[in-house]
Each structure stands twice: as structure tokens, then as C-alpha cells.
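**Student:** Following this message is one structure expressed as C-alpha cells.
Computed from the coordinates by the stated procedures, all read-outs in this text should not be read as laboratory data. Here the structure is a predicted model, which is why all the values come from computation and not from measurement. Because the Cβ atoms are built from the backbone with ideal geometry, glycine has one as well, and the counts that use them run over all protein chains shown.
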Amino acid sequence: MFCEKAIEIIRELHRMGDGQLPAFNEDGIRQVLEEMKALYEQNQSDVNEAKSEGKSELIPTIKFRHCCLLRNQRCIAAYLYDRLLRIRTLRWEYGSVLPTNIRFHMCAEELEWFNQYKKSLATFMRSLGGEEGLDITQDMKPPKSLYIEVRCLKDHGEFEIDDGTIILLKKNSQV
Amino acid sequence: METHSYLPVPPGVGMEENFLSLDDILLSHERLPSRTECTFPRLGFLEKSSDSRDIQEGTKMEMPLFLAKGLYERKRRVVSVELPKVYKEGWRTVFNADPTVVDLHKMGPYYYGLGSQLLHFDSPENPEIAQAVLQTFIGRFRRTMDSSQNAYNEDTSALGIWFHLELKATGQKRND
């Protein structure tokens, strides 16, 4: 049956449900693309024959192959997309420099995508929180304590909070 | 790695599939007992049991769901799909009696998903199939939620009758 290699690469990804990135299955992709080429060429030839010799009985076969072509296309798209989701996760798990063994699992285009993603994320982070930006990849878990220490940026003088306590807000003091 | 940021494309809801969902792709690879309603010339090599050049009309074969869906036409000239046992009247009665005792994993990994997809083939039993799948889920839901909430340090071998997608459906993370 057609599309067996395509489902194999999907299973390979699905097996790693925790988001780890397996090695890029270049050979698998190549085989699926080859099958697609063969199906397409057979269909081209049958369509021409059906049109020129009026052989409408070929139509079910053409539909069959077309179905398998679409299936292969779907599997490749899903494979590549799911890998990108995993690669995106890598930026958040490992930071901007990836361990070499993980980098080897990515193909050239995926590495390029990762670099672009890093850049987009960095640009976004720089646009937050004033001049220095804000590294949102740090401190991803909410704090356990009820209170947080803050540094005062401007002289505000005295400030009364909800429970009645009065605090003095002076520039560069920490409260 | 403790990944909270890997969010794969989830399976589709009801009769819809999500194009990029790995779960849906695996689901639509499941095979269904089918019958060709016309000849498929030049594809005989796919049918191991016959030596013919073509797939003859009336051939019974196990067809993957994606292919059956792609070829099926309401006017039924191309392919017809038979309901797998689990969705037929006999099993539907069992599910109706007590859905919690059935070993769903033995019935195949995609009872709910496949049941929903079967509705595409315009069987006269569609309303009963849809009802059975829905009621089965409702019947099992409470037990599944209880088990997934309280499975910490417990013997989970008894949970063997619940298949993993049910647990996924409850959105619970089991502390195994």
C-alpha cells in the first residue's frame, strides 16, 4: 500500500511525546518525495490517456493515487511543522545556545529557522520594559513568596498602601 | 526535559480532523473493512491475494481510513465501508448495558476517534453509532477522572482497561 513510509516518519515523532527532537529523517523524507513523484507521473500519464482515448474507467485509479499524494503531502507537512514546534521549545528549555548533540538532529533549514526565531524573540524582548528590555525566558515559574523586592525609580515621597503602612519612595532605594 | 512549551497540534473535534495533528494522522491510518464498488485498473499489485492487473469490482479489502474517506462518494459508485465489529449492534448493546467494563484498548486504540470518523460514510446506523460513542464516553468519564486524579502511588494495573487517549481527554497528568 502507498504512504507506508510517510506514516513511519509520523510514528517516529509521535513516539517522543515529551517534545524531544529526534534526528532529522532525511532519508525518510526523500523516500516519501520519491513516492509522490512516481504517483504524480503515473497520474499525469493516465490523465492524458483518459482524455485522449476516452478511457473514463481510469478515473477511479487516478483518484486513488491523488488521495495518496495528498496523504503524503499531509504527512510531510505535519512532520516538518511538529519538528518546528519542538525546536521552538528548545529555545525556552536550553536558551540561545543549543547543545551540540541536539544541533546535529536539525537540518540546515531548521537551524536557520531557529536562528530567525531567536532573533524575533530577542527583538520582542528588547521592546518590553523600557530601555533595557525584559528577558522573559528567565523566571518562568511564579514566585513562592508573597512579597517582592522592588527598586524605586523616581522620587515619589510618601506612599500609603492598602493596610495603612506608609512607605518612603526615594529614587534608587529598594523596598 | 520538563517541557511545558511543547504544545502539539491537538486532534480535531467530532467529525473534523486537524490537518497537522499527528494524532489525527495516526487515526486516519487505521484500516476499515471495505469493498470496492468499481474497478481500479492497474492497481492490482496492491492486492496481494490476487494476480490481476486491476483491483476488481467487489474486492473486499482493508482500506486505511484516509483512503476510504478520499474515495467515498454519496452515490456509492466507488467504495463502500463496513462497520467494524465494535460499532455494530451487538457491541453497541454491550456498551449500552455497562460501558465501564469494556476493555477499550483491546478494541483498537481509537474507539472514539474512529467512531466519529465513521459517520462520514452515511451508514443508516449513524445516529445509533453517534449515540453509542457519546454515551460510552459519558459512562466512562467519571471513572477515568477518578482514576487519573487518584492514581498517585497506586497500583495502576487495574487501569489497563482504560486506554491512554481517554486519560489524555481528561487533560490530567498522571503522577506515575
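**Student:** Which FRET efficiency value, to the nearest 0.05, do you get for B:Glu128 and A:Leu70 by plugging their Cβ-Cβ distance into 1/(1 + (r/R0)^6) with R0 = 25 Å?
**Tutor:** According to the calculation, E is roughly 0.20.
**Student:** Here is a follow-up. Amide H to amide H, which residues 5 or more places from B:Ile55 or on other chains are under 5 Å from it, using H placed in the peptide plane?
**Tutor:** It is B:Phe40, B:Arg42, B:Leu43, B:Gly44, by chain and number.
**Student:** Percent of alpha carbon pairs in region B:23-62 separated by more than 17 Å?
**Tutor:** Distances greater than 17 Å cover 37 percent of the Cα pairs.
**Student:** At A:Gln138 and B:Lys85, where each label point lies 7 Å from the Cα along Cα→Cβ, what is the point-to-point distance in nanometres?
**Tutor:** Simple spin-label model gives 6.2 nm for this pair.
**Student:** Of A:Thr89, A:Ile167, A:Ile62, whose Cα points farthest to the positive end of the dipole of region A:21-175 (charges on the beta-carbon: +1 Lys, Arg; -1 Asp, Glu; origin at the Cα centre)?
**Tutor:** A:Ile62
**Student:** Enumerate the calculated ³J(HN,Hα) couplings along region A:106-112 in order (Karplus 6.51 cos²θ - 1.76 cosθ + 1.60, θ = phi - 60°), each rounded to whole Hz, writing x wherever the residue is Gly or Pro.
**Tutor:** In residue order, the calculated couplings are 9, 7, 4, 5, 5, 4, 4 Hz.
**Student:** Expressed in nm², what is the orientationally averaged projection area of the convex hull enclosing the Cα positions of the protein assembly as shown?
**Tutor:** 27.1 nm²
**Student:** Okay, next question. For B:Lys48, go through the aspartates and glutamates and keep the ones whose alpha-carbon is under 13 Å away, minus same-chain ones fewer than eight residues off.
**Tutor:** Within the straight-line limit of under 13 Å, B:Lys48 reaches these aspartates and glutamates: B:Glu62.
**Student:** Continuing with the same structure: Mind checking which lysines have their Cα closer than 19 Å to the Cα of B:Lys88? Skip sequence neighbours fewer than 8 apart in that chain.
**Tutor:** B:Lys60, B:Lys106
**Student:** Give the calculated FRET efficiency between B:Gln56 and A:Thr165 to the nearest 0.05, with a Förster radius of 56 Å applied to their Cβ-Cβ distance.
**Tutor:** 0.05
**Student:** State the number of lysine pairs found in chain A whose Cα atoms come within less than 26 Å, restricting to pairs 8 or more positions apart or on distinct chains.
**Tutor:** 11
**Student:** Pull out the extension gain between A:Val175 and A:Glu4, defined as 0.36 nm times the separation in residues minus the alpha carbon to alpha carbon distance; nm, one decimal.
**Tutor:** Full extension from A:Val175 to A:Glu4 adds 55.2 nm.
**Student:** If amide hydrogens are placed 1.01 Å from N in the peptide plane, which non-local residues have theirs closer than 5 Å to the one on B:Val79?
**Tutor:** Counting only residues 5 or more places away or on other chains, the set is B:Glu37, B:Glu73.
**Student:** In whole Å, what three semi-axes, largest first, describe the equivalent ellipsoid of region A:1-135 built from its Cα gyration tensor (square root of 5 times each eigenvalue)?
**Tutor:** 43, 17, 11
**Student:** Name the chymotrypsin sites (Phe, Trp or Tyr not before Pro) in region A:62-127 that are in a loop by DSSP and that have at most 12 other C-beta atoms within 10 Å, would you?
**Tutor:** In loop regions of region A:62-127 (DSSP not H, G, I, E or B), the sparsely surrounded chymotrypsin sites (Phe, Trp or Tyr not before Pro) are A:Phe104.
**Student:** Can you compute the helix-only [θ] at 222 nm over the protein assembly as shown? Use -39500 (n - 2.57) per DSSP H run of at least 4 residues, normalise by all residues, nearest 500 deg cm²/dmol.
**Tutor:** Mean residue ellipticity at 222 nm (helix-derived): -14500 deg cm²/dmol.
**Student:** Which whole-Hz ³J(HN,Hα) couplings does region A:29-42 yield from phi under the Karplus relation 6.51 cos²θ - 1.76 cosθ + 1.60, θ = phi - 60°, glycine and proline marked x?
**Tutor:** Per residue, the Karplus-derived 3J(HN,Hα) values read 4, 4, 5, 5, 4, 5, 5, 5, 4, 4, 4, 4, 5, 4 Hz.
**Student:** I would also like to ask the following. ³J(HN,Hα) across region B:81-92 via Karplus (A = 6.51, B = -1.76, C = 1.60, θ = phi - 60°), whole Hz, x for Gly/Pro?
**Tutor:** 10, 9, 5, x, 3, 4, 9, 7, 4, x, 5, 4
**Student:** Ok, one more. Quick one: which residues, 5+ away or cross-chain, put their amide H under 5 Å from the amide H of B:Met61? H built at 1.01 Å from N.
**Tutor:** Here the answer is B:Ser34, B:Arg35, B:Thr36, since their amide H atoms fall under 5 Å of that of B:Met61.
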